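Structure first, then comments.
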Amino acid sequence: MKNTILSAKDLCKSYAHNGGQNHVLQHIDLDLYEGDFSVIMGASGSGKSTLLYSLSGMDRATAGEVLYNGKDIVKMKEKELSKLRQKDFGFIFQQMHLVSNLTLFENIAVAGYLDKATSANDVKERTEQLLEKMGIADVKTHLPSQVSGGQQQRCAIARAVVTNPRLLFADEPTGSLNRKNTYEVLDLLSSLNKSGQSILMVTHDIKAALRATRLLYLDDGKITGELSLPPYIHDERKSREAQVNAWLSSMQW
């Protein structure tokens, strides 16, 4: 039986809109498990990113609870949330948000230095290992503006996992990449998952969704469907794509 990392109970998120309330998330119950590559899909405006941000503490839910290590993230103070995001949670976004005047090495390492429990030497060693794993060791002294978008995103992934987070959150991580860079980034995420990294990703791209071991469908703020899949194998991509497309069709995607 898989261990639960994070558990949402009766999660709701609303925004004031035109004198009323826009209910973006509606009474969501969801458990995330260690080792899963969970992917949230749904139509534009269905609440995918809002759900990811509410689960990770980047945004505060209106009602309900998000339990992590026996504590409710919804009720945490900002200082406690900040520590959680520094160590236990990693984040990858569509836009890389790299620091423009730092090298790729420095962009990764600086996230590691925030973890005071880890020595500077250990951070440097971990950074060098990630640069090699991500295939960007040869440009580690370059600034973000001096490398491609795919290399920037690989740096952002390395930055997100330099502290060995228990859960990696990814919001449309391939949304601004070309086809070649998209596949390279997806291969890296699959590799991380196969080595034990738990991932929760939001995407509208079927190519990205194929990497999931667990697909969740969000419709109008509610989870209306779920599909379990074995770990991704490239040679089985076509049959997997047919299965996912059939499931999405049944969800009226």
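Name the strands (runs of 3 or more DSSP E) wholly inside segment 8-110 in which the number of residues that are open to solvent by 10 Å² or more (accessible area, probe 1.4 Å) and touching a residue at least 24 places away in the same chain (Cβ under 8 Å) is 2 or more.
Once the strands (runs of 3 or more DSSP E) in segment 8-110 are filtered for at least 2 residues that are open to solvent by 10 Å² or more (accessible area, probe 1.4 Å) and touching a residue at least 24 places away in the same chain (Cβ under 8 Å), what remains is 20-33, 63-68.
Of all residues in segment 228-251, how many are without any contact (Cβ under 8 Å) to a residue 24 or more places away in the chain and not in a helix (DSSP H, G or I)?
Summing the residues that are without any contact (Cβ under 8 Å) to a residue 24 or more places away in the chain and not in a helix (DSSP H, G or I) in segment 228-251 gives 4.
Please go through segment 143-169 and give me each residue that is touching an Asp or Glu at 6+ places or on another chain (Cβ under 8 Å), under 18 Å from residue 58 (Cβ atoms) and not aliphatic (A, V, I, L, M), ordered by number.
The answer is 163, 165, 166.
Among the candidates 174, 182, single out the residue that is farther than 23 Å from residue 4 by Cα, open to solvent by less than 40 Å² (accessible area, probe 1.4 Å) and assigned to a loop (DSSP other than H, G, I, E, B).
After ruling out the rest, the residue left standing is 174.
The values are calculated or read from the model by the stated rules, or taken from the named source; none is laboratory data. Everything numeric in this text was worked out from a predicted model, so none of it was measured. Here Cβ is always computed from backbone atoms with ideal geometry, including for glycine, and neighbour counts include all displayed protein chains. The accessibility values were calculated without ligands, DNA or RNA, using every heavy atom of the protein model including side chains. Shrake-Rupley method; radii C 1.70, N 1.55, O 1.52, S 1.80 Å.
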